[in-house]
Amino acid sequence: MSAAPMKIALVGIGKIARDQHVPALAASPDWDLAATVSRAGTVDGVESYTRIEDMLAARPDIGVVSLALPPVPRFDVARAALLAGRHVMLEKPPGATLSEVHGLIDLAQAQGVSLYTSWHSRSAKAVAAAKAWLAGRQIRAGRITWREDVRKWHPGQDWIFEAGGMGVFDPGINALSILTEIMPMALHLTGADLEVPVNRAAPIAARLRFAQGISADFDFRQEGPQTWDMEFDTDQGQLALRMGGNLLEIDGKPEGGDLSIMGEYPALYAHMAGLVRAGASDTDLRPMVLTSDAFTIGRQISTAAFEF
């Protein structure tokens, strides 16, 4: 007999919540979306609140809280949920700063609850196969191209170019989450160029260089077809991941993956259910460390003003 669904509250009812979180929860046998928290957004048929404190006080029966808020306001909400003894799942990136996320990790441990810093791109269809193929091989060079249209994926969302919004690293950290998952060795950054519009606080494009011979090109200005590719030269052939980690190529030939069903968020929520039932946490911060390193050592280059 399968376990009964667990009640969960979703905080932040914006585009990503509507496109990914709500459908994944609706289709999951593990979860019952029992409440939402948002200043404006709601989900039909689901009890809604505008403040996390009100939801926590009114619904002690809801044991899990999933946060789909932008990074900057997320810490206070996550902290309130953890202090109330609720398990917490964080949309990527898990916070605006590493120190605040380390604080949440310590608090979750002290409270005896689960914390999950989720990275949805790691659940793309071909990531596990790429990791298995690269294991034991020597990486000689690698190229990451992550270029998309911010107007399509974040229409009118000025917060993404504000301090703490991360700019092009909001999608770029997805590439870094895959990279840190599949690489058979540790990575560190040696240089970065960050293009920042003169009227914005966060980069619209970035070029990264790693000591391991890997480079990355992130850009938020690509119109038309979008590009989410990773290519690696090894001592035993070439591997490519395309379409955000959903298609695998070996030596230029298709070797697996699937675009018909994008199951990243269902996989995240299935993993969260397992963590809660096991009393465990999953808090890998390596993608965020690399992002922070890019802001620390990156050379800022002013570029043309950007408006939505």
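The values are calculated or read from the model by the stated rules, or taken from the named source; none is laboratory data. As the structure is a prediction and not an experimental result, all values here were calculated from the model. Please note: Cβ atoms are built from the backbone with ideal geometry, for glycine as well, and neighbour counts cover all protein chains shown.
Looking across the range 199-250 at every residue that is of a type in the set (Gly, Ala, Ser), over 16 Å from Ser177 (Cα atoms) and part of a loop (DSSP other than H, G, I, E, B), the one that is nearest to the chain's Cα centre (by Cα) is identified as Ala202.
Residues that are surrounded by 14 or more Cβ atoms within 10 Å (Cβ to Cβ) and either in contact with a Leu (Cβ under 8 Å, 6 or more places away or on another chain) or under 20 Å from Ser28 (Cα atoms) (or both) within the range 243-257 comprise Met243, Asn246, Leu247, Leu248, Glu249, Ile250, Glu255, Gly256, Gly257, listed in sequence order. Taking Ala78 as the residue in question, decide whether it is touching a strand residue (DSSP E or B) at 6+ places or on another chain (Cβ under 9 Å), part of a helix (DSSP H, G or I) and within 25 Å of Trp159 (Cα to Cα). When the stated conditions are applied, Ala78 passes them. On the stretch given as the range 267-308, residues that are farther than 17 Å from Leu67 by Cβ, over 14 Å from the mean Cα position of the chain (by Cα) and surrounded by 15 or more Cβ atoms within 10 Å (Cβ to Cβ) total 8. When every residue of the range 120-129 is checked against the conditions, at least one turns out to be of a type in the set (Lys, Arg), over 22 Å from Glu162 (Cβ atoms) and touching a Leu at 6+ places or on another chain (Cβ under 8 Å). Taking (1) without any contact (Cβ under 8 Å) to a residue 40 or more places away in the chain; (2) outside any loop (DSSP other than H, G, I, E, B) in turn, Leu275 satisfies each apart from (1). Listed by first and then second residue, the pairs with beta-carbon distance under 8 Å, at least 6 apart or on different chains, first residue in the range 1-24 and assigned by TED's automatic domain parsing to the domain that holds Leu56, second assigned to a helix (DSSP H, G or I) and acidic (Asp, Glu), are Gln20/Glu264. Is it the case that the range 114-127 has a residue that's out of contact with any strand residue (DSSP E or B) (no Cβ under 9 Å at 6 or more places or on another chain) and surrounded by fewer than 17 Cβ atoms within 10 Å (Cβ to Cβ)? The answer is no, given that none of the residues of the range 114-127 is out of contact with any strand residue (DSSP E or B) (no Cβ under 9 Å at 6 or more places or on another chain) and surrounded by fewer than 17 Cβ atoms within 10 Å (Cβ to Cβ).
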